[in-house]
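*Asks:* Attaching a single structure in structure tokens format; questions to follow.
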Amino acid sequence: MHVRILDKYIFREVCKAFLFGICAFSAVFIGSGTLFKIATYITDYGASLSAVIKVFIFGLPNVIMWTFPMSMLLATLLTFGRLSSSSEITAMKSCGIGFFRIAMPAILLGFLVSIVAILFNEHVVPWANTAYRNVVYYEIQGKSGAKSQDHIILKDIKDGQIQRLLYARRYDADSQSLQSITLQEFDGAGKVSHVENAEYAEFTGKEWVMHNGMLYDISDGESEHTLRFNTQVLPINASPRQIVREQKDPEELTMKELKAQIRIMKTQYVDTNKLETELYQRITVPMASLIFALVGVPLGLQPTRNSSSAGFAMSVIIIFFYYALMTMANAIGRSGALSPMLAVWIPNVVGLIAGLFLIRKASR
């Protein structure tokens, strides 16, 4: 019974410090990043008050997501540093409560925060990033035309089944053309039944016309009939602006959408290292909350961690090294020097090894 009360006490204290960390780190990010961008939008584009408020609100989820691991580290350092300096940890140990039992509430919170962060990163952040981009591009910058963009993907889905898939290497806004086009049509079983390739397609104002291409009819995975053409109408009814507005940056895609886009781009032999790195980071960054809990608890129990300022300083140092390592791992994954999945896990593996070492040392 007493142990259960103790669990609730430690859990509550870590939670309070965690919420403080989110507010503190969010304020730092907002002050150094978001407010600076807002000031630029006001001075350069004369952004309205409503647009500024939208940018601020839609920018918050992305900021908060990055503060989860930092806040977890700060919470464990501050909480266990205070408990240690006030001799509460000594009192717990004198009652026969071991290190792992004391640390368990914080580690459990770190695990729960990681799960919540993954869900938050999947269902809230991509939507907010899309809304943020649209406000900046269309409302603040006042651009009505479609901008040039790489890797255009359009899907025609009916009754939950994909009917047609269009991929273009690039949309060029100056010439209003799609470059290097592949159009795939699917049968009722979801298999490719018809393929059209073209060098480019131009928008005439009413329709898209492909130039210099080939038609393929496919049966049982093999090409049966082929036909070369000079011009052919592309069977899509979207304007350039509609096409580009349907495209999303990697930060605006959910993990499901990222996986689908990676599959499509691989069929076109396009380098997907950037997208794969983004996909795996949707897991590794939130999981850093658990890693930081494993690191923060034993460090917080060190005799030198006897003040809030010392705990905050220690958290800043650890966060700096972690995110520096994460940036390097991200670059390695995007370059293809190492598999993106392996590269993005490097910071967490290093953190896990350090955490287990510190826990083993503290438990003695």
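*Asks:* Report ³J(HN,Hα) in whole Hz for each residue of segment 73-85, in order, from the Karplus equation J = 6.51 cos²θ - 1.76 cosθ + 1.60 where θ = phi - 60°; Gly and Pro get x.
*Replies:* 3J(HN,Hα) across segment 73-85, in whole Hz: 5, 4, 4, 5, 5, 5, 5, 6, x, 5, 4, 6, 5.
*Asks:* What is the diffusion coefficient of the chain in µm²/s, taking the Kirkwood radius over Cα pairs and the Stokes-Einstein relation at 25 °C with a viscosity of 0.890 mPa s?
*Replies:* Here the translational diffusion coefficient equals 103 µm²/s.
*Asks:* Another question about this same structure. Suppose we look only past 12 Å in the calculated P(r) of segment 309-364. What percent of the Cα-Cα pairs does that tail hold?
*Replies:* Every Cα pair in segment 309-364 considered, those over 12 Å come to 69 percent.
*Asks:* Right, here's the next one. Please report the Cα spread of segment 1-117 along all three principal axes, rounded to whole Å, starting with the longest.
*Replies:* Principal axes ranked by extent give 65, 27, 16 Å for the Cα atoms.
*Asks:* Just subtract the alpha-carbon distance of residue 249 and residue 237 from 0.36 nm times their residue separation and send over the number in nm, one decimal.
*Replies:* Contour length minus Cα-Cα distance gives 2.1 nm.
*Asks:* Magnitude of the Cβ-charge dipole of the chain, K/R +1 and D/E -1, about the Cα centre, nearest 20 debye?
*Replies:* So the magnitude is around 1940 debye.
*Asks:* Sticking with this structure for a sec: In percent, how large is the relative contact order of the chain, given Cα pairs closer than 8 Å and 6 or more residues apart?
*Replies:* RCO, the chain: 20 percent.
*Asks:* Taking the convex hull of the Cα atoms, report for segment 78-223 its projected area averaged over all directions, in nm².
*Replies:* Computing the convex hull of the Cα atoms and averaging its projections yields 17.4 nm².
*Asks:* Return the sequence-ordered ³J(HN,Hα) values of segment 104-118 in whole Hz as given by the Karplus equation 6.51 cos²θ - 1.76 cosθ + 1.60 applied to θ = phi - 60°, using x for Gly and Pro.
*Replies:* Each residue's phi maps through the Karplus curve to give 4, x, 5, 5, 4, 5, x, 5, 5, 4, 4, 5, 4, 5, 4 Hz.
*Asks:* Quick check: net charge around residue 177, other residues with Cβ under 12 Å of its Cβ, Lys/Arg +1 and Asp/Glu -1?
*Replies:* -2
*Asks:* Moving on. So what is the diffusion coefficient of segment 205-299 in µm² per second by Stokes-Einstein at 4 °C and 1.567 mPa s, using a Kirkwood Rh over Cα pairs?
*Replies:* 73 µm²/s
*Asks:* For the chain, what does the helix formula give at 222 nm: sum of -39500 (n - 2.57) over DSSP H segments with n ≥ 4, over the residue count, nearest 500 deg cm²/dmol?
*Replies:* Value at 222 nm, helices only, nearest 500: -20500 deg cm²/dmol.
*Asks:* Related question: Past 18 Å, Cα to Cα, is the threshold; run 155/266; 147/274; 16/54; 54/259; 158/248; 147/248 against it and keep the listed order.
*Replies:* Table pairs above 18 Å Cα-Cα are 147/274; 16/54; 54/259; 158/248.
*Asks:* May I ask for the net charge around residue 93, where only other residues with Cβ less than 13 Å from the Cβ of residue 93 are counted and Lys, Arg are +1 while Asp, Glu are -1?
*Replies:* Residues close to residue 93 contribute a combined charge of +1.
*Asks:* Quick one: if the Förster radius is 30 Å, what FRET efficiency do residue 339 and residue 180 give, using the C-beta to C-beta distance and rounding to 0.05?
*Replies:* 0.65
*Asks:* For every other residue with a beta carbon closer than 11 angstrom to the beta carbon of residue 255, add +1 if it is Lys or Arg and -1 if Asp or Glu, then tell me the sum.
*Replies:* 0
*Asks:* Another one. Output wanted: per-residue J couplings in Hz (rounded whole) for segment 278-294, from phi through Karplus 6.51 cos²θ - 1.76 cosθ + 1.60, θ = phi - 60°, x for Gly and Pro.
*Replies:* Going residue by residue, I get 4, 4, 6, 5, 5, 9, 5, 5, x, 5, 5, 4, 5, 4, 5, 5, 5 Hz, with x marking Gly and Pro.
No value in this document is a laboratory result; all are computed from the given coordinates. These figures come from a predicted structure and were not determined experimentally. Note that each Cβ is placed from the backbone with ideal geometry, even for glycine, and that neighbours are counted across all protein chains shown.
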